[in-house]
1. Restricting attention to segment 140-156, which residues are within 26 Å of residue 40 (Cα to Cα), of a type outside the set (D, E, K, R) and open to solvent by 40 Å² or more (accessible area, probe 1.4 Å)?
2. Checking residue 86 against (1) within 17 Å of the chain's Cα centre (by Cα); (2) closer than 25 Å to residue 20 by Cα, which test does it fail?
3. Against the definition (of a type in the set (Asp, Glu) and open to solvent by less than 50 Å² (accessible area, probe 1.4 Å)), how does residue 21 come out, yes or no?
4. Restricting the search to segment 126-139, which residues are surrounded by 15 or more Cβ atoms within 10 Å (Cβ to Cβ) and over 14 Å from residue 36 (Cα atoms)?
5. Specify the residue that is most open to solvent (accessible area, probe 1.4 Å); the eligible residues are those in segment 81-97 that are β-branched (Val, Ile, Thr) and assigned to a loop (DSSP other than H, G, I, E, B).
6. So which residues in segment 48-97 are hydrophobic (A, V, I, L, M, F, W, C) and in contact (Cβ under 8 Å) with a residue 60 or more places away in the chain?
7. Here is a list: 100, 159, 121, 111. Which entry is open to solvent by 10 Å² or more (accessible area, probe 1.4 Å) and either without any contact (Cβ under 8 Å) to a residue 12 or more places away in the chain or within 15 Å of the chain's Cα centre (by Cα) (or both)?
Amino acid sequence: MSALLLPGGLDLSAQTAPAREYQVKAVFLFNFAQFVDWPPQAFPEAQTPLVIGVLGEDPFGAYLDETVRDEKVNNRPLAVQRYRRVEEIKTCHILFISRSEADRLGQILASLKERSILTVSDTEGAAQRDVMIRLVTEKNKIRLRINLQAARAANLTISSKLLRPAEIVAAGRD
């Protein structure tokens, strides 16, 4: 999907309902799987699926499941998991942290330290608090703010194809 690579972001104006917004964000999560490299130990076995998780209230409904159904990235099937608490997370590669978890964001990120999990959120100020990718909706477009330092600390490599259209932020700035 090339939608991710549009320099100006992805236009949501065709339908501005929140459901449409999360359909587009589901596509972003799928695309992240194609533009991020995880260390080998993130996949204990050759057939370990790439897991996209949602922590907290799920704003995607069935969209995320439909987006990744029957898809593969680097010959790995994709799977979607939903978590109520961070302690439930065993194998996860991309974690969308829902707005419902905003008050616990620091605690969540602290418990994920030392793990190679790409953290994503659309919560205000998330990238400055060390979430790796913040999805920002501005003028009916979704833009990316990437905390490269946080990604590197988790031993993740983000492709320049993903970095080019993004705004790179440091901790303390979002």
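1. 149, 153, 155
2. Here residue 86 clears every test but (2).
3. Spelling it out, residue 21 is indeed of a type in the set (Asp, Glu) and open to solvent by less than 50 Å² (accessible area, probe 1.4 Å).
4. Within segment 126-139, 126, 127, 128, 129, 130, 131, 134, 135, 136, 137 qualify.
5. Taking the candidates together, the pick is 91.
6. Those that are hydrophobic (A, V, I, L, M, F, W, C) and in contact (Cβ under 8 Å) with a residue 60 or more places away in the chain: 94, 96.
7. 159
Conditions tested, residue by residue: (1) out of contact with any Leu (no Cβ under 9 Å at 6 or more places or on another chain); (2) at pLDDT 95 or above; (3) closer than 22 Å to residue 154 by Cα.
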| site | (1), (2), (3) |
| --- | --- |
| 14 | yes, no, no |
| 20 | no, no, no |
| 28 | no, yes, yes |
| 45 | yes, no, yes |
| 50 | no, yes, yes |
| 55 | no, yes, yes |
| 84 | no, yes, no |
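The values are calculated or read from the model by the stated rules, or taken from the named source; none is laboratory data. Predicted, not measured: the structure shown is a model, and the values here were computed from it. Cβ atoms come from the backbone with ideal geometry, glycine included; neighbour counts cover every protein chain shown. Just the protein is used for accessible areas: all its heavy atoms, side chains included, with ligands, DNA and RNA removed. Shrake-Rupley method; radii C 1.70, N 1.55, O 1.52, S 1.80 Å.
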